[in-house]
Amino acid sequence: MRLSARADQLRPSAIRRIAERAGTAKHPLIRLDIGEPDFPEPAVLSTIGNEIFAAGSSYLPTRGLPAFREALAQEFTTIIGTPIEADGVFVTAGASAALTAAVALFADAGDTVLIPSPGYPGYGMFASVLGAKTVGYALDPDDDWRPDLGQIEQGLRDGARAVVLNSPNNPTGSLITPADLQAIVELCRRFDAWVIADEVYHSIQFTGEVMNAYRHAPDRTIAVYSFSKTYSMTGFRIGIAIVPELLREKFSMLMLGAVSSVAQQAGLRVLETEADTLPMLAHYRDRQAVAADALAEHGLASWAPEGTFYRLIALPEGVVDAMDFAVALVDAGVATVPGPAFGELTGFGTRYVRLSLTRPDAEIREAIGIIARVARESTT
Ligand SMILES: Cc1ncc(COP(=O)(O)O)c(C=O)c1O
């Protein structure tokens, strides 16, 4: 059976091993591995199905439903803090499709895109289906996970076509400061590269200034957002790209499949009725506090995130391999994601596991108790 060389090179992610073990487990398992929000979907969704289906459907503009793009333009004018025209708003099949299209716009096969390390594993997959490469720039665990600007500069000097910024970051929950953003934008200008700003967790930020890369560099940035985490609507597959004027025509040609009209109508109704994300923010802030208390009680160290519903737990001295530890945790009843899944730049990933705090408080407490027990057993 002959496949393309590109398909042959695709490799399963490190998460797969844990997900497979978790999926076939016969014992009760607390799933803290998946980034699936537990805040309820907007209530309006349960009442609008008939109305949306009765309206019928037809082919759509690939950029998105005009009324939805208008509403999004208004919403993002407020979020980004600069006027956003409907013409610059694209509705995509989740942030995933927006990120893939952005990479396709900037990178040829063999070109490099710089990505955060640790970072969301999707970046590597999106680039590799296009034949592009990713190179990590380190986030420093001892300095609030700040990006290594020297590595970004070196990567751009070596010809990287774009820099992916993710703030708040999955998995660290850390932010990019305005000063670092400014410095990275200037580097991109100097080396004629682009910024791909992944801001899908922008509404789950507890402190600091929201990155808003598009406001700072509207000529250089494609900014990516999503209804998946913002409105707990992962299955609707609604992503948003805010695209500079000179890129819009080409970007629209990369939109090979429009998002279903049913999803877009639903998204429009949510914006009209339930766009307030503050209750969701409070929900995850409280959940982080529950986790912090339980971790302190069990003497486990972690990094306090400034955003997202993730939390990295530092493995105690003596635990040498996060992957083996995560496998032992699944067998003991908790699924997590081991550090190596998020990039291997410094080998630091072997020293932590990521929890997704998207289960009820009682389960979070129970899971942390199990993790503490497995940690003790692994070090004695
Ligand atoms: C940082 C980051 N970017 C993008 C995505 C993909 O989001 P979507 O569901 O909108 O495709 C995720 C999903 O977990 C993510 O964590």
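The values are calculated or read from the model by the stated rules, or taken from the named source; none is laboratory data. Not measured: the values here are computed from a predicted model. Here Cβ is always computed from backbone atoms with ideal geometry, including for glycine, and neighbour counts include all displayed protein chains. When the accessible area is computed, the model is the full protein with side chains, heavy atoms only, and any ligands, DNA or RNA have been set aside. Shrake-Rupley method; radii C 1.70, N 1.55, O 1.52, S 1.80 Å.
Taken over the C-alpha atoms, the stretch 5-99 has Rg and Dmax values of 19.8, 53 angstrom. For the stretch 134-164, the residues whose amide N sits under 16 Å from a probe point set 7 Å from the Cα of residue 108 along the beta carbon direction are 159-162. For residue 64, the residues whose amide H sits under 5 Å from its own are 91, ignoring neighbours fewer than 5 places away on the same chain, with H placed 1.01 Å from N. For the chain, modelled as a GNM whose springs connect Cα atoms under 10 angstrom apart, the maximal fluctuation among 264, 74, 205 occurs at 74.
Taking a point 7 Å from the Cα of residue 53 along the Cα-to-Cβ direction, the residues of the stretch 219-260 with backbone N closer than 19 Å to it are 235-237, 260.
Taken about its Cα centre, the stretch 154-239 carries a charge dipole of about 160 debye when Lys and Arg each add +1 at the Cβ and Asp and Glu each add -1 at the Cβ.
Beyond 12 Å, what share of the Cα-Cα pairs of the stretch 118-157 is found? Please give it as a whole percent. Can you show the working numbers first?
Working: 494 of 780 pairs.
Taking all Cα-Cα pairs of the stretch 118-157, the fraction more than 12 Å apart is 63 percent.
Distance distribution P(r), the chain, all Cα-Cα pairs, bin width 20 angstrom from 0: 28, 58, 14, 0 percent. Taking only alpha carbon atoms, the stretch 56-142 gives an Rg to Rh ratio of 1.08, where Rh is the Kirkwood radius.
All C-alpha pair distances within the stretch 240-360, sorted into 5 Å bins from zero, spread as 2, 8, 13, 15, 13, 11, 11, 12, 9, 5, 1 percent across the bins. Dividing the alpha-carbon radius of gyration of the stretch 137-291 by the rule-of-thumb value 2.2 N^0.38 Å gives 1.13.
Against the chain, whose longest principal axis comes from its Cα atoms, helix 261-273 is set at around 80 degrees. Here the Karplus curve 6.51 cos²θ - 1.76 cosθ + 1.60, taken at θ = phi - 60°, turns the phi angles of the stretch 97-105 into couplings of 5, 5, 5, 5, 5, 5, 5, 4, 5 Hz, with x standing for Gly and Pro. At a 1.4 Å probe radius, carbon and sulfur cover how many percent of the accessible area of the stretch 14-56? In the stretch 14-56, the share of accessible area belonging to carbon and sulfur is 56 percent. The GluC sites (Glu not before Pro) found in the stretch 244-318 that occupy coil by DSSP, while having at most 11 further C-beta atoms within 10 Å, are 317. Only bridges with both residues in the chain count here: give the DSSP antiparallel percent, nearest 5. Close to 50 percent.
Mind pulling up the Rg/Rh value for the stretch 218-287? Radius of gyration and Kirkwood radius, both on Cα. Mind dumping the intermediate values first?
Details: Rg = 14.6 Å, Rh = 14.0 Å.
Answer for the stretch 218-287: 1.04.
Reported value for the stretch 1-59: 253 Å³ per residue, from the convex hull of its C-alpha atoms.
The fraction of accessible area contributed by carbon and sulfur in the stretch 177-254 is 55 percent, rounded to a whole number (1.4 Å probe; ligands and nucleic acids excluded).
Based on the alpha carbons, how large is the Rg to Rh ratio for the stretch 60-205 when Rh follows Kirkwood?
Details: Rg = 15.6 Å, Rh = 16.0 Å.
Reported Rg/Rh, Kirkwood definition of Rh: 0.97.
Less than 5 angstrom separates the built amide H of residue 197 from those of 165, 222, 223, 224, all sequence-distant by 5 or more or on a different chain.
The convex hull defined by the C-alpha atoms of the stretch 128-214 has an orientation-averaged projected area of 6.0 nm². Heavy atoms of the protein chains alone define the surface here; on that basis the chain has 43 Å² accessible area per residue at 1.4 Å probe size.
Summed over qualifying helices (DSSP H, 4 residues or more, each -39500 (n - 2.57)) and divided by its residue number, the chain shows a 222 nm mean residue ellipticity of -12000 deg cm²/dmol. The shape of the stretch 74-125 can be summarised by an equivalent ellipsoid whose semi-axes, obtained from the alpha carbon gyration tensor, come to 26, 14, 11 Å from longest to shortest. Comparing mean-square fluctuations of 48, 15, 176 from a GNM of the chain with C-alpha springs under 10 Å, the top value falls on 48. Per-residue extension of 0.36 nm, minus the Cα-Cα distance of residue 3 and residue 190, leaves a gain of 63.4 nm for this segment. Counting 0.36 nm for each residue step from residue 77 to residue 361 and taking away their Cα separation leaves a gain of 98.7 nm.
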